[in-house]
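Quick notes on the structure that follows.
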Amino acid sequence: SRRRHTRLLTVTGVQTCALPIFARVYYPGLASHPQHALAMAQQGGKGGAVLSFDVRGDSPEMGRKNAFHLIDSTRLMSVTANLGDVKTIITQPASTSHGRLTEAQRLEAGIQQHLVRVAVGLENIEDLKADLSRGLDTLSA
């Protein structure tokens with residue numbers, strides 16, 4: 001169910017924060033998120049189904065390369081800019097939803113080359129974690 005996935009996604013978000021390959025994790029279900037209280041009030045105490053994270057890299061180019069390595073390594077998730085499907089979607093916003101902006105405009109909006117966004121669908125959460133692990137296991141922090 002969607003409720004079960006949201007609960008598991010919160011746990012996954014907390015676990016993801018501990019991974020050294022991620023510079024930062026964005027998930028309103030985490031108490032550390034700047035709009036956590038608002039998200040909890042608006043979403044009935046749930047964090048939602050979208051999780052984003054900054055993949056580490058020594059430069060913007062390396063961060064982008066690492067982000068695409070992670071995305072390209074997934075097999076279960078769809079690579080698309082369309083959010084709102086029942087299938088899990090993974091994307092790199094700098095080249096999809098924010099691709100028409102200049103680099104300066106993207107940076108002003110907080111969209112960097114190393115940002116990856118995952119909109120969780122209805123698949124088994126353990127399958128999704130395994131899917132992400134394909135790329136994560138081959139990246140070094």
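List of remarks:
- Residue that is at pLDDT 90 or above and of a type outside the set (Gly, Ala, Ser), where the choices are His69, His36: His69
- Leu9 closer than 14 Å to Ile125 by Cβ, touching a Leu at 6+ places or on another chain (Cβ under 9 Å), modelled with pLDDT under 85 and assigned to a helix (DSSP H, G or I): yes
- Strands (runs of 3 or more DSSP E) wholly inside segment 33-141 containing at least 1 residues that are open to solvent by 10 Å² or more (accessible area, probe 1.4 Å): 50-55, 115-119
The values are calculated or read from the model by the stated rules, or taken from the named source; none is laboratory data. On a predicted model such as this, the values are computed, not experimentally measured, just so you know. As a convention, Cβ positions derive from the backbone with ideal geometry for all residues, glycine included, and neighbour counts pool all protein chains shown. Ligands, DNA and RNA are stripped out before the accessible areas are found, and what is left, the full protein with its side chains, is counted by its heavy atoms. Shrake-Rupley method; radii C 1.70, N 1.55, O 1.52, S 1.80 Å.
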